[in-house]
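To start, the structure under review is shown below, and the notes come after it.
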Amino acid sequence: MTRPSRSAALGPAVRGVWDRAGMILVFAVLFVVLSVTVRNFCTWDNLVFLLLQVSTVGMVACTMLFCLASGDFDLSVEAVIAFSGVFAAVVIARTGSVAMGIFCGVLGGGVVGLINGIIIAEFRINALIATLATWQVVKGLALIVSDGKAVGVAQEEFFLLGRTPADLIVQHAGALPGWLAWADGHYSLLRVPNPVWMMLGAFALFGFLLNRSTFGRNTLAIGGNREAARLAGIHVNRTKIIIFTLQGLVTGFAGVVLASRMTSGQPNTSVGFSLDVISACVLGGVALSGGVGTMTGTIVGVLIMGSVQNAMNLLNIDAFYQFVARGVILLAAVLLDQLKNSRPAGARPLLLEIWTWAVLLLLPVALILELVMVPQKPVLLVDALVNLAALVAVLALRSGRKLAWLSLQLYFAYGIGVSIWWGWESGGSPLWAALQVLHLAVVWVYFYRPAVRRFCQVGRFAESA
Amino acid sequence: MASGQPYLEFDAISKRFPGVQALDQVSFGVSAGSVHALVGENGAGKSTLLKVLSGVYAPDQGQVRLAGQVRSFRSTADAIAAGVAVIYQELHLVGEMSVAENLLLGNLPNRLGIVDRKRLRRLAQEELNFLEEDIDVDAKLSRLPIAQRQMVEIAKALMRDASVIAFDEPTSSLSDREVRKLFAVIRQLRDRGRAIIYVSHRMDEIFQVCDRVTVLRDGRHVVTFDEMGALDRDVLVKNMVGRELRDIYNYRPRDLGGPALEVRELEGPGLAAPVSLSLAEGEIVALFGLVGAGRSELLKLVYGDQAARGGTLLVRGRPVRVRHPADAVRAGVMLCPEDRKKEGIVPIRSVADNINLSARRHFSFLRFVISPRAERANAQAMVDKLSIRTPSLGQLVMNLSGGNQQKTILGRWLSENVKVLLLDEPTRGIDVGAKSEIYNIIFELARQGIGILLVSSELPEVLGLADRVLVMRQGRLVAEVPRGQANEEDLLRLALPESDPAAHRSLSS
C-alpha cells in the first residue's frame, strides 16, 4: 500500500489507481471484513461455493456489460434464463439427445437476443420498453413450453455441464486429492465445478473482446456518442444487433447450465435475475449512460454481490432481509455511479473519496445485520439509527453541507466509543473491534488535520460559486 | 411613427463567452409603436442580444432599461413578467395539448385547481379572433401545420400582454400568404404602441415592415438608420460586412491535381435543386451561405449521412456508392461535423481512443484484434503532428479545449487514407489562436493533395482559405466565385434570400 500523505508526487498516481480500480479496493476491504467477522467465510470450500453461486450472474454480466457500455440494457435475460433451460429439457425429453437439447436452448436464447437487437437498433425502440416486452413474451413461452411445471431430465450426461463435486454441497473437508477431485465418478478440474470454469472462461473471452477487439472498442464508442460513432464510419446498428444476439446466446447457455445444475428445466426460476446482473455491472463502475465499463470492474461487482449474499447465508439471515439488502446495495451502486460522474476531477481529497465509497458500501450491510439482530439485542436499534444518520450525512457531505460535517464528527466520537464498548462487552470478535478502532482513529486524525479541513472547505466554496 | 424617449433601451451591453466576445458595448433604443429591425451576419450577436433581453443570459456589463427603468432579468420568467416576449425560430409549445391550453399554459383559468374549460376556450378564441386566425382552439397542437403553430406562439406572447415583442427569423417556415398575414399582425401591434424587434436575413421583408434598422457586426453596434425610405439596400449590406481583413491565413497558391471529388446531379433532403460540383486534389473550395441554405445538408448527402435521392459521386475519378458514412470513409471521404460535441467527439473516451476510432481496423489483426502498440504509436504521431495539447494520450477528450477537440477529430481522419476532407464549420467556438493553427493544418493538408470542401458562415474565413467559393441560397447552388473576384459584399448579397431572382442572375454572371 502507498501512503498518499507522505509524498506529493504519489497523490496523482494513487488517484489514478483509485479512479481506475477503486472498486477492487472496496472489494478487498469487504473481503477482509467478511473473513474476519463471518465464520467459515474464508475457506476453500465456501469460496468455491460462492463462485458457483455467482456463476450464472457472472456469465450473463459479461454480455450485459456490452449492452450497458453501448448505452442500452436488457431486462429480458431473466426470462431467457428460464426459457432456455426449460426448452433444452423439453427437447431432451422429446428427442433423447442431450446435444440437441443444449443446442436448442442456446439457440433459443440467441433468437430472443437477435429480436431484441433488431427492435432496438433498427426500429429505434427504447431498450427498456423493447426488453420489457420480450421479457413478458419469453416468460410466457417458458410457461407454455413446460405447461407451468418443472421439466425433469433423465439423461445423466446432461448433468455433466453443471457438475458440482458432491463434497462441496455437504461442505466437509475434502478427503480427495486436492487438485483433482472425483465425485460420482466424474472429473472436476481442481475440485472446482464446471460452471465456475465456464464463468472464468466467459470473463476471459469477453474481457479480451472488450479491450482488444474492434468490436469492443466500437461498443464503447457507440455508448459514448452514438452519432459520432456513426459519422466515424462505425456500423452502429449492426454492432448493436451483434451485442444483443451475443447477450441472448450467452444467457441461453447460462440458462441451460443452470437447468443442468438443477437437473430440470424450471419455468419460474431466477426471478429478479436481470436486476441482479445489472446491479453487479453498475457496482463494477459500468455507467448506465454508456461508454464506460471494464471487465475487471464487472467481475468485482459480481463478487461483491456474491460475497454479501454468501455471508448473509452463512449468518442465517432471513431471505426476506436479503431482498432488502440487495435493494440497498443496488441503490448504493447507482448513487456511486452518479457521484463518480458528477465529481469534478481532483476537487476532493483522495482519502475522503475512498472513505466515502467504503462507508456507502459497508454501512448498508452493517445496517441490515443490525436490524436482523434487533430482536435479540434491542440496543442495536440505536446503533442502526446512528448508522443510518451517518449514511445520510456522508451523502450530504458530498454536496458540501456544514451540518453534515458536524454530524460526522459526532459519529466518529460515537463510533469509537461503541467499538471499544463492543470489543469489551459483547464477546464479539476482538479483532473486529480493533479493526474498527483503527479505522476510525485514522479517519479521526485525518479529518482533524487543519490543512485537509481547509482544503475541503475551499472545495466546497468553489463548488457553490 | 412614434418618437421621443425609446421604450426599450440597451445600454452598453457586453457579453463574453469563452474565446469570443459575443456582444461588445452594444447600445441602442427601440421606441414604442415602431418595428425595429436587427440585422447582421451569422455570429454578429443578434441571438445573444435577444437572449439577454429574454433573461436567458445575464450581460457581463451594461443594462437593459424598460420605460426608463433599469431591469435586470435573472430568468426568462422575470422577463415575461416585465412584459418582454421573444418568439424564437424553434417553437416552445406542447404538442400533445390543445391550442387553448397552449395559449394559457402556466396560467390556466381554474376554480380550486380544476380547469375552467369554458373560460379557457373563450379567452383563447378571443385572442385568435384578434389575430384573424381561423384555428380550432380544441385542436391538438401537433395536428396544426407549422405556420399555424407559429401563429399560436405569437398569440401566446400577446396573451401575456407583452409591451416588447421580439421576432427571431419568424418567416423562415412561412409561405408568402402567411408572411403577409404576419406583417399585418405586426403592423397592428405597432399601431397599438408595442415596441417590436424584428430579426431577419431577408432584406425585402425588412424594407417592407420595419421602421428602423440597427446593424450589428462582430458583437458591436455599427449603425442605426432611423429612416428606411432613404436607405439603400447596398449601403445596408456594406455596413453588415465592412471590416478589415486581418491576415491570419498565410494563403499561398498551390498546384492543383486531378479531380478529387466530383458530385453530379446530387438530390436529397435539404436541396431544392440537383447540385453538381467538382473539387481538385489540393484545392480548397468553400461553400458559403446563410444558416439553412443547405450547406451542411449537402455535406451530409455526400458523406452518406442522409440518403441521397439521386446523383453520382466520383472520388479521384472512380464512382462510389455511398449509403452509410462507413462507405464514404472507405472511399476516402471524411467529415468533420458541424456540432463537434454532439457528432464529432466521444467525450468520455480518451484522446487515443478518439483518434483511433475509425482507423484502428487498419492496424488490427484480421480487422478484429486490435494492436495497443500500433494504436498508441498512431495516436502519438497525430498528437505530435497536429500539436494537440493534452497532458496524456489517456486524457478524456471532454477535458480538452475546443480547438484541441477539433484537432483530435482531424487526427482521426489523417490516420486514414484521406482523399477528400469535408469540413463543416471547422473553427466554430474556437479561439483565435487555435483558429490560425487549424488554418495552417488545412493549408498543409491541401498541399499534400487532399481536396477540401469547407463550409463556413464566417466570411473572412471563406475569403482567407478558399481557392474558389460556391454560394448556396435556399437549397440551391447559385454562384461560383474564384478567389481573385471574391469579396464580402458580393458573397453576402448572393447569399441573402430575395424574392426577385432576376437581380441575382445579373449579379452572379
Point to revise | Conditions (1) touching a Lys or Arg at 6+ places or on another chain (Cβ under 6 Å); (2) more than 18 Å from A:Arg230 (Cα to Cα); (3) in a loop (DSSP other than H, G, I, E, B): number failed by B:Gln306 | key: (2)
Practice item. Collect the residues in region A:256-273 that are surrounded by fewer than 24 Cβ atoms within 10 Å (Cβ to Cβ), in contact with a Ser or Thr (Cβ under 9 Å, 6 or more places away or on another chain) and not in a loop (DSSP other than H, G, I, E, B), keeping them in residue-number order. Key: A:Arg261, A:Met262, A:Phe273
Review point. Identify, please: which residue in region A:116-135 is surrounded by 13 or more Cβ atoms within 10 Å (Cβ to Cβ) and of a type in the set (S, T, N, Q) and is, among those, farthest from A:Val271 (Cα to Cα)?
Key: A:Asn116
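May I ask you to verify whether B:Leu301 is surrounded by fewer than 23 Cβ atoms within 10 Å (Cβ to Cβ), closer than 19 Å to B:Val418 by Cα and away from chain A (no Cβ under 13 Å)?
Working: surrounded by fewer than 23 Cβ atoms within 10 Å (Cβ to Cβ): no; closer than 19 Å to B:Val418 by Cα: yes; away from chain A (no Cβ under 13 Å): yes.
Judged against the criteria, B:Leu301 is not a match.
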Check your understanding: Which residues, taken from region B:352-393, are assigned to a loop (DSSP other than H, G, I, E, B) and within 9 Å of chain A (Cβ to nearest Cβ)?
Key -> B:Asn356, B:Leu357, B:Ser358, B:Arg367, B:Phe368, B:Ser371
Study note, to complete from the structure: Across (1) out of contact with any Phe, Trp or Tyr (no Cβ under 8 Å at 6 or more places or on another chain); (2) at pLDDT 95 or above; (3) buried (at least 24 other Cβ atoms within 10 Å of the Cβ), A:Ile243 clears everything bar (1)
Point to revise | Residue that is nearest to the other protein chains (Cβ to nearest Cβ), among those in region A:292-310 that are over 8 Å from the mean Cα position of the chain (by Cα), surrounded by fewer than 24 Cβ atoms within 10 Å (Cβ to Cβ) and more than 16 Å from A:Ala204 (Cβ to Cβ) | key: A:Val292
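Among what's in region B:336-351 and is within 11 Å of chain A (Cβ to nearest Cβ) and touching a Ser or Thr at 6+ places or on another chain (Cβ under 7 Å), pick the residue that is surrounded by the fewest Cβ atoms within 10 Å (Cβ to Cβ).
Restricting attention to region B:336-351, the residues satisfying the condition of being within 11 Å of chain A (Cβ to nearest Cβ) are B:336-350.
Then drop every residue that is not touching a Ser or Thr at 6+ places or on another chain (Cβ under 7 Å), which leaves B:338, B:345.
Details: B:Glu338: 19, B:Ile345: 26.
Restricting to residues being within 11 Å of chain A (Cβ to nearest Cβ) and touching a Ser or Thr at 6+ places or on another chain (Cβ under 7 Å), the top hit is B:Glu338.
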Review point. Does B:Val322 fit the bill of being part of a helix (DSSP H, G or I), more than 9 Å from chain A (Cβ to nearest Cβ) and either touching a helix residue (DSSP H, G or I) at 6+ places or on another chain (Cβ under 9 Å) or surrounded by 20 or more Cβ atoms within 10 Å (Cβ to Cβ) (or both)?
Key: no
Exercise for review: May I ask you to list the residues in region A:187-209 that are farther than 23 Å from A:Gly306 by Cα and either part of a helix (DSSP H, G or I) or within 14 Å of chain B (Cβ to nearest Cβ) (or both)?
Suggested key: A:Phe208, A:Leu209
Practice item. Look through B:Val275, B:Val333 and report the one residue that is at negative phi, within 13 Å of chain A (Cβ to nearest Cβ), buried (at least 19 other Cβ atoms within 10 Å of the Cβ) and touching a Lys or Arg at 6+ places or on another chain (Cβ under 9 Å). Key: B:Val333
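Considering region A:210-220 alone, what residues qualify as being aliphatic (A, V, I, L, M) and either more than 9 Å from chain B (Cβ to nearest Cβ) or outside any helix (DSSP H, G or I) (or both)?
Once the filter is applied, which keeps residues that are aliphatic (A, V, I, L, M) and either more than 9 Å from chain B (Cβ to nearest Cβ) or outside any helix (DSSP H, G or I) (or both), region A:210-220 yields only A:Leu210.
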Check your understanding: Hey, A:Leu75 hits all of (1) over 22 Å from A:Arg163 (Cβ atoms); (2) in a helix (DSSP H, G or I); (3) in contact (Cβ under 8 Å) with a residue 12 or more places away in the chain but one; which does it fall short on?
Key -> (2)
Review point. Is there a residue in region A:162-181 that is within 14 Å of chain B (Cβ to nearest Cβ) and at pLDDT below 95?
Key: no
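Within the group B:Leu313, B:Leu299, B:Leu279, which residue is closer than 28 Å to B:Leu396 by Cβ and in contact (Cβ under 8 Å) with a residue 24 or more places away in the chain? Let's see the steps before the verdict.
Working: B:Leu313 fails: closer than 28 Å to B:Leu396 by Cβ; B:Leu279 fails: closer than 28 Å to B:Leu396 by Cβ.
Answer to the selection: B:Leu299.
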Practice item. Find the residue count for region B:324-368, including only residues that are more than 16 Å from A:Asn211 (Cα to Cα), among the basic types (Lys, Arg) and modelled with pLDDT under 90. Key: 3
**Study point:** Residues of region B:394-443 satisfying the condition of being assigned to a loop (DSSP other than H, G, I, E, B), β-branched (Val, Ile, Thr) and touching a residue at least 40 places away in the same chain (Cβ under 8 Å)
**Key:** B:Val418, B:Ile430
Point to revise | Residue in region B:166-181 that is outside any loop (DSSP other than H, G, I, E, B), closer than 26 Å to B:Ala79 by Cα and either at pLDDT below 85 or of a type in the set (Val, Ile, Thr) (or both) present | key: no
Practice item. For residues that are touching a Gly at 6+ places or on another chain (Cβ under 6 Å) and either among the polar types (S, T, N, Q) or within 11 Å of another protein chain (Cβ to nearest Cβ) (or both), scanning just region A:221-258, find the one that is nearest to A:Arg124 (Cα to Cα). Key: A:Gly223
Review point. Has region B:258-270 got any residue that is at pLDDT below 90, away from chain A (no Cβ under 14 Å) and in contact with an Asp or Glu (Cβ under 7 Å, 6 or more places away or on another chain)?
Key: yes
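The values are calculated or read from the model by the stated rules, or taken from the named source; none is laboratory data. Source: prediction; values computed, not measured. Using ideal geometry, Cβ is built from the backbone for each residue, glycine included, and neighbour counts are taken over all protein chains shown.
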